[in-house]
Every structure is written in C-alpha cells, then in structure tokens.
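Some notes on the structure that comes next.
The values are calculated or read from the model by the stated rules, or taken from the named source; none is laboratory data. Since the structure is predicted, the reported quantities are computational estimates derived from the model, not experimental observations. For neighbour counting, all protein chains shown are included, and Cβ atoms are generated from backbone atoms with ideal geometry for every residue, glycine included.
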Amino acid sequence: MDFDEYNTAYLLYAPAKNPQGWNLDLADFGQALDDAFPEVRYRQEDGHPVRLSFWAMTAEGEEFDGFADNESRDTIALSSTTVDETASFILWLRDAYVPAGPRPHPLHLRARL
C-alpha cells in the first residue's frame, strides 16, 4: 500500500488542557482561508451556528475539504486528504492561524483509517 496516495479524514484540535486555545473565530478563520488560498468557499452550516464548512485549493492544486468547529473544543476536520496534503494544511494552520506561544504539542492529530 502506498500511503502517499491513501486518503483519509483527519481531526485537528486544540489541546485538552486549553480547548479554546486557538481562539477559533469562524469569521476570522474564513478570512484567513481567503487570504491564504487562491480558491476558497466556506459557509456556516445550517443548524450548526458554531461550525464552518470550507473548501480551499492551493495554487499547486491541493484541495482541502472540511469544517471548523468551536463548540466545545477548537477543532478542524479535513476529509479525504493524503498525509502530505494534511501536513501542508497543518503547516499553514500553525504558521498563519494558531496563536504563537509556548506549545509543547502545537497540534494534536488523530487519523481515522
């Protein structure tokens, strides 16, 4: 099996000790996507006022489809992405959105295989 081409879903979330530690504001997150990616679509999900669905594409053609949620813990879910694509998104998230500061474990990542 070539793991470079295997697509799966990923959950990225703030540390349990600081569940709102990313200060995930859905409007600000949508704007950050707009600022970073050449093609972006996002909308607040009907019936879920604390969830923002999004789709973004890089200039190189990598696509990110998922949602951001800040109901009980700042969370971002990516669906159907490869390990390399997810790593690229995590680097952007860390560098462009998640607040700087001491963070021994900046992102907790759980893959659903």
Which residue is modelled with the lowest pLDDT, if the candidates are limited to the range 91-105 and must be part of a loop (DSSP other than H, G, I, E, B) and surrounded by fewer than 16 Cβ atoms within 10 Å (Cβ to Cβ)? Pro104
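Just give me the residues in the range 17-55 being among the small types (Gly, Ala, Ser) and in contact with a strand residue (DSSP E or B) (Cβ under 8 Å, 6 or more places away or on another chain), in sequence order.
Kept after step one, since they are among the small types (Gly, Ala, Ser), are these residues of the range 17-55: 21, 27, 30, 32, 36, 47, 53.
If the condition is that a residue be among the small types (Gly, Ala, Ser) and in contact with a strand residue (DSSP E or B) (Cβ under 8 Å, 6 or more places away or on another chain), then Gly30, Ala36, Ser53 are the ones that fit.
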Quick one: count up the residues across the range 33-43 that are surrounded by 16 or more Cβ atoms within 10 Å (Cβ to Cβ) and either among the β-branched types (Val, Ile, Thr) or not in a helix (DSSP H, G or I) (or both). 3
All positions within the range 44-76 that are of a type in the set (Gly, Ala, Ser), surrounded by fewer than 14 Cβ atoms within 10 Å (Cβ to Cβ) and under 17 Å from Asp25 (Cβ atoms): Ser72
Would you say Gly30 is assigned to a strand (DSSP E or B) and surrounded by 12 or more Cβ atoms within 10 Å (Cβ to Cβ)? no
Just give me the residues in the range 10-27 being crowded, with 16+ Cβ neighbours inside 10 Å and assigned to a helix (DSSP H, G or I), in sequence order. Leu26
Given (1) at pLDDT below 95; (2) more than 14 Å from the chain's Cα centre (by Cα), index of the condition Asp35 fails: (1)
